[in-house]
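The structure under discussion appears below in the form of structure tokens.
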Amino acid sequence: MTTSPDDLAAAAAARDFARALGVKWQSQLAGEIIGLYLIGSLAHGGFSRRYSDIDVALVTERGLDQAAFNGLCAQALALSGELGAKVSVFFTDRSFTSGRFPPLDRADYLDHAVPLMERERIAPARPSLDEIRGYLVGAPFTNWIHSAETFAASETLAPQDRKSYLRTMLYPARFVASFMTGAMMSNDAAVARLQEFCPPDLDASLIQRALAYRHAAADPDELFPARTLLPGQVAALERFVIQTVADWR
């Protein structure tokens, strides 16, 4: 994949924003921060100026309560309404036992984290493939099915739903790649992996079309008629999960 100059510039601006935000968070948390890191597309590549979040991992001594977390989010929005709205915070304590840090994002942290500030590198145990698979077939899979069914039954694509629609179209590639490898990877890498293992009856060409809209930072409205194919994508992934788990055991 060739990253566009606009995406490269947006990624640089997002990194600068995250660094500035880290300074504010460090002041607010008064010595609690052990490390603040970029993860997600800002760490492993594929950042989209329109469709990517600014994913950050925050490791603190004692974790965060809801009030502290809300305060961090408020600071992000105060620093920039546009970029602050894109911030997604994964946070935990020194022992990685509390907060919001799912297994797949823990693997991303171990493999790709880019430090913004760090006084000690904490390395949690790597999630096993079984642990990541168990996580993936839980809430992430259920939420994707609900999103796919909702879009399939919709008559129009609202402007505020364009990002969610494109993510719903791309998710099967991300799911399959992580389910097979236990790793987090970019949309481009995940779609490329479909050449290696694509579940039977999963429409890879549909996913590639969605990726093209993401590359162009374009409205996916012309792709909306393909929403009727989403139930077939759901069925294909359900069969893939059942068969893979049966083979694994």
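Key figures for this structure:
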| quantity | calculated |
| --- | --- |
| Amide proton proximity set for I54, modelled H, under 5 Å, gap of 5+ | V87, S88 |
| Within the stretch 5-118: Cβ-based charge dipole about Cα centre, in debye rounded to nearest 20 (Lys, Arg +1; Asp, Glu -1) | 140 debye |
| Extension reserve of the R126-I242 stretch, reckoned as 0.36 nm per residue once the Cα distance is removed | 39.3 nm |
| Charge dipole (the chain, unit charges on Cβ, about Cα centre) - positive-most of A189, S88, L38 | L38 |
| Net charge contributed by nearby residues that have their C-beta within less than 11 Å of P220 (K/R +1, D/E -1) | +3 |
| Residue-span extension gain [Q75 to T156] - 0.36 nm each, minus C-alpha spacing | 25.7 nm |
| Rounded tilt (10° steps) of 230-248 against the dominant C-alpha axis of the chain | 80 degrees |
| Residue order, fewest to most beta carbons within 10 Å, for S41, S186, S164 | S164, S186, S41 |
| Table column - 3J(HN,Hα) (Hz), the stretch 34-50, Karplus curve with 6.51, -1.76, 1.60, x for Gly and Pro | 8, x, 10, 9, 7, 10, x, 5, 6, 9, 10, x, x, 5, 10, 4, 9 |
| Ordering of 7-18, 97-108 by packing [mean C-beta count within 10 Å, highest first] | 97-108, 7-18 |
| The chain: calculated mean residue ellipticity at 222 nm from DSSP helix runs of at least 4, using -39500 (n - 2.57) | -17500 deg cm²/dmol |
| Diffusion coefficient, µm² s⁻¹, Stokes-Einstein with Kirkwood Rh over alpha-carbon pairs of the chain at 25 °C and 0.890 mPa s | 128 µm²/s |
| Under the Debye formula (equal points on every Cα, no solvent term), log10 I(q)/I(0) of the stretch 129-248 at q = 0.10, 0.16, 0.22 Å⁻¹ | -0.28, -0.72, -1.35 |
| Burial ordering of V56, V191, V245, fewest other beta-carbon atoms within 10 Å first | V245, V191, V56 |
| Residue exposure sequence - M185, M180 - by fewest surrounding Cβ within 10 Å | M180, M185 |
| Gain in span if fully extended, V23 to R50, counting 0.36 nm per residue against the direct Cα distance | 7.2 nm |
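FYI, it's all coordinate maths here, none of it is from the lab. Small disclaimer: the values here were computed from a predicted structure and weren't measured. Cβ sites come from the backbone with ideal geometry, for glycine too, and all protein chains shown count toward neighbours.
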